[in-house]
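*Asks:* Mind having a look at this structure? Questions to follow.
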Amino acid sequence: MNKELLLIKKRYNLKEEEFNFIISSVFDKKIYQIYLSEKLPKNKIKKIINICKKRKDEIPLPYLLKKSYFLDLELFIEKGVFIPRAETELMISLLEDFNKRKIKYIIDIGVGTGNLTIALGKMFKEALIIGTDISKRALRVAKKNVEKYSLTNQIKLYYADLFYFPNYQEYFNKFDLIVSNPPYINKKDYEKLPKAVKDYEDKRALYGGEDGLLIIKRILKEGKKFLSKNGKIILEIDSHHPIKIYEYAKELYTSFIFINSLTKKIRFAIIS
Ligand SMILES: C[S@@+](CC[C@H](N)C(=O)[O-])C[C@H]1O[C@@H](n2cnc3c(N)ncnc32)[C@H](O)[C@@H]1O
């Protein structure tokens with residue numbers, strides 16, 4: 001066993017799993033290969049110490065490693081850009097049964113790292129995908145990730161509020177899917193978020209106004225004219241939202257399906 005690593009591990013007292021994740025990311029090797037090496041490069045050891053120190057201040061690991069994961073994607077990330085959550089992965093499985101050839105135009109509102117956008121691009125190979133965000137940093141990160149997965153021909157990213165990218169009028173009645181994991185946390189819950197989330201992630205990615213529905217209501221109301229004849233809106237939502245969403249949008253749409261996440265709480269809505 002490498003003594004230096006064992007000492008660092010003891011000193012910073014991080015969870016075994018987390019420490020192993022840090023070292024395997026820094027060395028880009030399997031754990032056993034790292035532990036078995038007698039001598040390790042000084043610069044990498046320094047990097048590990050640095051990360052362990054910051055981890056003690058609760059800076060989320062993806063920001064320290066500049067890496068995040070979503071399904072089978074390894075994505076670049078920077079501090080301040082929303083960290084993809086495992087729960088959101090289910091949104092992609094909900095779309096598996098959709099007819100891949102009929103879906104021609106998709107918009108992903110609030111791309112963040114580009115996780116959903118890229119997964120959609122890989123799933124709906126014949127569709128043009130537009131992604132928008134009001135965070136320039138998120139768009140910069142998403143652009144890098146779209147390039148990494150060679151999807152620049154299929155995915156167009158815009159710095160825009162919701163649907164209002166240049167020439168948006170050309171997309172009236174066009175989107176077969178309007179997809180979004182919008183900011184949906186209400187005021188009371190936002191105050192209670194853990195320090196690691198509140199201090200390091202962008203408030204604009206999380207906070208959905210007093211009742212959490214500010215952006216969701218806008219997507220439902222303003223999205224109506226962008227939706228194709230058989231188009232669907234797929235949203236990640238808060239478990240307290242379904243009735244409010246139904247009450248708000250029942251005059252605009254006829255079908256409301258609410259779906260549980262793996263934790264058995266309602267987490268998604270499919271509206272058409
Ligand atoms: C919860 S994050 C979701 C990121 C990513 N899609 C995911 O699922 O991990 C919400 C994103 O929406 C963006 N956003 C917030 N308000 C927006 C608006 N009015 N128009 C476009 N994007 C917005 C935020 O900057 C943030 O990147």
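A short reminder: the numbers here are calculations on the coordinates, not readings from a lab. Keep in mind that what you see is a predicted model, and the values were worked out from it rather than measured. Here the Cβ positions follow ideal geometry from the backbone for every residue, glycine too, while neighbour counts run over all protein chains shown.
*Asks:* Please give the calculated 222 nm ellipticity per residue for the chain, where each DSSP H segment of at least 4 residues contributes -39500 (n - 2.57) and the sum is spread over every residue; nearest 500 deg cm²/dmol?
*Replies:* Helices in the chain give a 222 nm mean residue ellipticity of -10500 deg cm²/dmol.
*Asks:* Sketch the reach of a paramagnetic label on Arg204 as a point 7 Å from Cα along Cα-to-Cβ, and name the residues of region 96-110 whose backbone nitrogen lies under 12 Å away.
*Replies:* 110
*Asks:* Pull up all non-local amide H partners of Leu73: gap of 5 or more, or a different chain, and H-to-H distance under 5 Å with H placed in the peptide plane.
*Replies:* none
*Asks:* Sticking with this structure for a sec: May I ask you to compute the full-extension gain from Asn99 to Lys250, defined as 0.36 nm times their residue separation minus their alpha-carbon distance, rounded to one decimal in nm?
*Replies:* Difference between extended and current length: 51.8 nm.
*Asks:* Going by C-beta contacts inside 10 Å, put Phe268, Phe82 in order with the fewest on the left. Each step should come with its number before you reach the end.
*Replies:* Values: Phe268 19, Phe82 25.
Least to most surrounded, the residues fall as Phe268, Phe82.
*Asks:* While we're looking at this one, here's another question. Using the Karplus curve 6.51 cos²θ - 1.76 cosθ + 1.60 with θ = phi - 60°, what ³J(HN,Hα) values do you get for each residue of region 179-195, in whole Hz, with x for Gly and Pro?
*Replies:* Per residue, the Karplus-derived 3J(HN,Hα) values read 10, 7, 10, x, x, 9, 7, 7, 4, 5, 5, 4, 4, 8, 5, x, 3 Hz.
*Asks:* For each of Arg140, Arg55, count neighbouring Cβ atoms within 10 Å of the residue's Cβ, then give the residues from fewest to most.
*Replies:* Arg140, Arg55
*Asks:* Would you mind ranking Leu177, Leu193 so that the residue whose beta carbon has the fewest other beta carbons within 10 Å leads the list? Don't skip to the answer; put the middle values down first.
*Replies:* On the way: Leu177 23, Leu193 15.
Ascending Cβ contact count within 10 Å gives the list Leu193, Leu177.
*Asks:* Quick one: angle between helix 42-56 and the longest Cα principal axis of the chain, in degrees between 0 and 90, rounded to 10, please.
*Replies:* Helix 42-56 and the main axis of the chain meet at about 60 degrees.
*Asks:* Moving on. If you fit an axis through the alpha-carbon atoms of helix 214-223 and take the longest principal axis of the Cα set of the chain, what angle between them do you get, 0 to 90°, nearest 10?
*Replies:* 50 degrees
*Asks:* Right, something else. What does the extension gain come out to for Gln33 and Glu74, with contour length at 0.36 nm per residue minus their alpha carbon separation? Show your work: numbers first, answer last.
*Replies:* Details: separation 41, 0.36 × 41 = 14.76 nm, distance 2.17 nm.
Length gained, Gln33 through Glu74: 12.6 nm.
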